[in-house]
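Beneath this line is the structure, given in structure tokens, with notes to follow.
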Amino acid sequence: MDGDRRLHIHPDPVALAHAAAARFAALARAAQADHRGFHVALAGGSTPRQLYRALATEFRDRIDWGATHVYFGDERCVPPGHPDSNFGMADEALLSHVALPPAQIHRIEAEDPDPRAAARHYADLLHRHLPRAHGEATGRFDLVLLGLGPDGHIASLFPDTAILDERRAWAAAVHVDKLQAWRISLTYPVLDAARHLALLVAGEGKAEIVRDVLGETGPAARHPAARLRPRGELEWFLDRAAARLLPGV
């Protein structure tokens, strides 16, 4: 896991969510000042949900939602109203509570019966919408939010799946055998290109995987999260329980 990496350790999940929301707001202001828009990919999971609730309440008026574009790091192949939908969770916790123009919410149309076609459509959307700095051939996210699974997966980049080796497409479909389900996910090329990556991890049940991922370096890294090679800044937002096995904590 190369690149600029910082750890932020907080007493509990509430403090973690508050700190991540403050960082989200600061990055939004910086991006909007730089290129008049903030392009962020949201994550699923319980820890991001707490962040979204903070953004929808205390931080709602600190962000120019009219200049914000929302995307998704991954999605289960279910309709948007399904209880397992990452879009559905984000909509309930955040999107329906802020003045975000509907045309600036770019969800993955994972209900398409052809997951591969849906992934190609989303990759095309990213190429059309993500902002490019002067001289850059491709666009970049301003911020990608990620959770961390107990097996080290991020987005829907699960261990021992073919998507881990995808180096061209920005989004791809993946069948996760152990879940017996299709998912659509951003891939390493677009994650690594992001200006900022934020990993949000809470709970003592994540302590061992946090220790293992942060201890892995180089191309032989086993865990998907440890295979990130960011060109920008990578920040870890941890609560003390998730960080308890790290040296010096």
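The values are calculated or read from the model by the stated rules, or taken from the named source; none is laboratory data. Computed from a predicted structure; not experimentally measured. So basically every Cβ, Gly included, is an ideal-geometry build from the backbone, and we count neighbours across all protein chains shown.
Any idea which of (1) of a type in the set (Asp, Glu); (2) at pLDDT below 95; (3) crowded, with 19+ Cβ neighbours inside 10 Å is the one Asp239 doesn't satisfy? So Asp239 meets the others, but not (2).
In this structure, Asp74 does satisfy being in contact (Cβ under 8 Å) with a residue 60 or more places away in the chain, within 22 Å of Gly147 (Cα to Cα) and within 19 Å of the chain's Cα centre (by Cα). The residues listed here are Asp34, Asp64, Asp74; of these, the one that is out of contact with any Cys (no Cβ under 9 Å at 6 or more places or on another chain), among the acidic types (Asp, Glu), under 20 Å from Arg140 (Cα atoms) and crowded, with 20+ Cβ neighbours inside 10 Å is Asp74. Restricting attention to the stretch 206-238 and to residues that are in contact with an Asp or Glu (Cβ under 7 Å, 6 or more places away or on another chain) and in a loop (DSSP other than H, G, I, E, B), the residue that is farthest from Ala20 (Cα to Cα) turns out to be Arg222. Among the residues of the stretch 38-46, are any in a helix (DSSP H, G or I), modelled with pLDDT under 95, at negative phi and surrounded by fewer than 19 Cβ atoms within 10 Å (Cβ to Cβ)? Yes: one or more hits.
Quick grid of which residues meet (1) in contact with a helix residue (DSSP H, G or I) (Cβ under 9 Å, 6 or more places away or on another chain); (2) part of a helix (DSSP H, G or I); (3) within 30 Å of Asp177 (Cα to Cα); (4) modelled with pLDDT under 95:
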| position | (1), (2), (3), (4) |
| --- | --- |
| Ala30 | no, yes, no, no |
| Gln50 | yes, yes, yes, no |
| Gly66 | yes, yes, no, no |
| Val70 | yes, no, yes, no |
| Pro83 | yes, no, yes, no |
| Gly88 | no, yes, yes, no |
| Ala103 | no, yes, no, no |
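All of Ala155, Ala162, Ala172 fail the test of being on the phi > 0 side of the Ramachandran plot and among the aliphatic types (A, V, I, L, M), apart from Ala155.
Among the residues of the stretch 32-53, those identified as in contact (Cβ under 8 Å) with a residue 60 or more places away in the chain, more than 16 Å from Gly203 (Cβ to Cβ) and within 17 Å of the chain's Cα centre (by Cα) are Phe38, His39, Val40, Ala41, Leu42.
Is it the case that Ala243 is under 22 Å from Ala15 (Cα atoms) and either free of Cβ contacts under 8 Å to residues at least 60 places away in the same chain or not basic (Lys, Arg) (or both)? In short, yes.
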